[in-house]
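Below is one structure, written out as structure tokens; the observations come after it.
No value in this document is a laboratory result; all are computed from the given coordinates. Computed from a prediction, not measured in an experiment: that's the story for all the values here. When we count neighbours, we look across all protein chains shown, and the Cβ atoms used for this are built from the backbone with ideal geometry, even at glycine.
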């Protein structure tokens, strides 16, 4: 698996907040909130207008493995236990309104190699990977692209500073 999945919304894409921090603890919730189990993203469902076209894109161009497919759903391995489900819809274009502001970030240990591989498979990136944040030692590089239904996706990865 060359990329793993992480759902990010809007500008919060590259905050330094630990991913595993339970929401209730951050909000200071009382009444036993400290003992509540931590939540994690397990499934991401994308509504698509043409399941076969989207399945081909995510499988052949992005590189996600197909776990199963039916006439209505395709289930892809997003890595790290996250499942990406493509759901065929018959209504208007699925990526509109607030949905158009949602971004799925695919993390990779080698951003430049992944970028070149996906580009060679036909993924049309808006720009090449560029620095979006740093931790002082490494830079987080990212670049974005669209799927057949105009959902926003990015690839991102850490690299030694200045590379």
Could you put 103, 116, 72 in order, starting from the residue whose Cβ has the fewest other Cβ atoms within 10 Å? 72, 116, 103
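Could you line up 114, 133, 70 from fewest to most neighbouring Cβ atoms inside 10 Å? Write down the numbers at each step before the final one.
Numbers: 114 23, 133 15, 70 9.
Ascending Cβ contact count within 10 Å gives the list 70, 133, 114.
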In cubic angstrom per residue, the convex hull of the stretch 52-163 built on its Cα atoms measures 111 Å³
